[in-house]
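The values are calculated or read from the model by the stated rules, or taken from the named source; none is laboratory data. Small disclaimer: the values here were computed from a predicted structure and weren't measured. Here the Cβ positions follow ideal geometry from the backbone for every residue, glycine too, while neighbour counts run over all protein chains shown.
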Amino acid sequence: MTNSCLRSLPVQTEDVFKNFHSSPKKYKNRSRRERYYEGNVLCIKIGENIYKYPPKGGVIIFNQSMTKILMVRNNYHPWVQCQKWGFPKGHCNEDEKYYECASREFKEETGFTINITSDARFITINNSRYYVYRMKNEIVNQAMPQDTNEINKVEWQPFNVVGEIKMNKEAIVLFTKKLELAKRIATDIEL
């Protein structure tokens with residue numbers, strides 16, 4: 001196990017998103033990407049490597065003023081500095097619908113109960129379907145994970161947190177490519 005994630009990085013004062021985008025020149029000889037499904041599992045082939053993404057359901061919730069977003073910190077690394085933040089989500093059980101999975105995982109990871117319907121608005125990142133909501137009321141941070149084996153912290157994070165905390169790939173994609181879409185389609189909800 002390495003402690004490379006513990007190195008301090010210089011604070012960026014310019015565009016925090018610049019390191020998330022690749023230069024076309026750098027990837028001139030990039031391997032062709034091939035996307036296909038095996039059942040409901042998304043497969044992406046890059047060169048000789050095949051990456052598999054099983055279906056997942058999750059929830060993205062903005063605060064009432066749309067300045068913060070509810071995030072969870074995983075418990076997959078023994079050092080807190082190396083644990084990554086993301087959105088409440090999890091693998092769909094066999095024969096479980098995306099929206100049922102999202103409701104279950106949201107309850108397990110935040111302690112809040114949410115009723116997601118099959119016609120709820122969502123965005124897709126890889127093979128994860130995130131149902132998007134905006135709080136009708138401001139709440140104090142009462143969120144408490146029920147499954148502390150996977151999640152150890154739940155917090156409302158401001159949007160300018162990018163570059164300041166470690167985030168999983170799907171959170172980076174949301175903040176860099178899909179944030180405005182998520183804000184537009186968010187449905188009001190009360191927890």
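If a residue must be loosely packed, with under 13 Cβ neighbours inside 10 Å and in contact with a Ser or Thr (Cβ under 9 Å, 6 or more places away or on another chain), how many such residues does the range 31-76 contain? So the count comes out to 4.
Against the definition (within 16 Å of Gly58 (Cα to Cα), surrounded by 13 or more Cβ atoms within 10 Å (Cβ to Cβ) and at pLDDT 95 or above), how does Ala186 come out, yes or no? Taking the combined requirement at face value, the residue satisfies it.
Between Asn141, Asn168, the distinction of being at pLDDT below 90, among the polar types (S, T, N, Q) and in contact with a strand residue (DSSP E or B) (Cβ under 9 Å, 6 or more places away or on another chain) belongs to Asn141 only. Would it be correct to say that Phe122 is surrounded by fewer than 19 Cβ atoms within 10 Å (Cβ to Cβ) and touching a helix residue (DSSP H, G or I) at 6+ places or on another chain (Cβ under 9 Å)? Against the criterion (surrounded by fewer than 19 Cβ atoms within 10 Å (Cβ to Cβ) and touching a helix residue (DSSP H, G or I) at 6+ places or on another chain (Cβ under 9 Å)), Phe122 does not qualify. For the residues Trp85, Trp79, the requirement of being buried (at least 16 other Cβ atoms within 10 Å of the Cβ) and closer than 24 Å to Glu164 by Cα singles out Trp85. Taken residue by residue, the range 91-102 has no member that is at pLDDT below 95, crowded, with 18+ Cβ neighbours inside 10 Å and of a type in the set (D, E, K, R).
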